[in-house]
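The values are calculated or read from the model by the stated rules, or taken from the named source; none is laboratory data. Every value quoted in this text rests on a predicted model; they were computed, and no experiment measured them. Heads up, the Cβs are rebuilt from the backbone with ideal geometry, glycines too, and the neighbour counts pull from every protein chain shown.
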Amino acid sequence: MGAEGDGRAREPRARRRGQGELEAQVLSVLGEATEPVTAAWVQERLDGGLSYSTVITILTRLLDKQAVARTGSGRPVLWQSTASGAGLTAFRMRRLLDQRDDRDAVLSSFVSALSPDDEDLLRSLLNETGPEPCDPPTDESES
């Protein structure tokens, strides 16, 4: 009979974190630092009692994404944020887009799913940055 049959209460199951949630939490903690910090410093400030090795794994993944920088050739290794949570989300979006051959369809679907307010904001941001400078088109028939 297990714990159900003997009257003991079951421990509630821990909530599974969403993809990227730990990375965002680590970036948030690093954002509070005024100088490069150790992984142990990050671990102490994270909620949830993560193991040191988990914190190192997250920091290493963020390093691969260029969202954090690692300084120091010896011990202790120091870490600092190079990207905000928004920057990390933008990186993920670009990476997902780069994995697809049908960029037009993906971007079209994304824009069509935006709320009117988000669409206005995106339009404003695009107008603000303007088109990338490029060479004027050439008419090859003139050659």
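Mind listing just one residue for me: the one in the range 65-94 that is of a type outside the set (Val, Ile, Thr), part of a helix (DSSP H, G or I) and under 17 Å from residue 21 (Cα atoms) and, of those, modelled with the highest pLDDT?
The residue in question is 93.
Taken residue by residue, the range 69-84 has at least one member that is within 11 Å of the chain's Cα centre (by Cα) and touching a residue at least 24 places away in the same chain (Cβ under 8 Å). One residue stands out among those in the range 95-124 that are farther than 23 Å from residue 23 by Cβ and of a type in the set (Lys, Arg): the one that is surrounded by the fewest Cβ atoms within 10 Å (Cβ to Cβ), which is 103. Please find, within the range 50-73, the residue that is surrounded by the fewest Cβ atoms within 10 Å (Cβ to Cβ) out of those that are in contact with a helix residue (DSSP H, G or I) (Cβ under 9 Å, 6 or more places away or on another chain) and farther than 24 Å from residue 90 by Cβ. This residue is 51.
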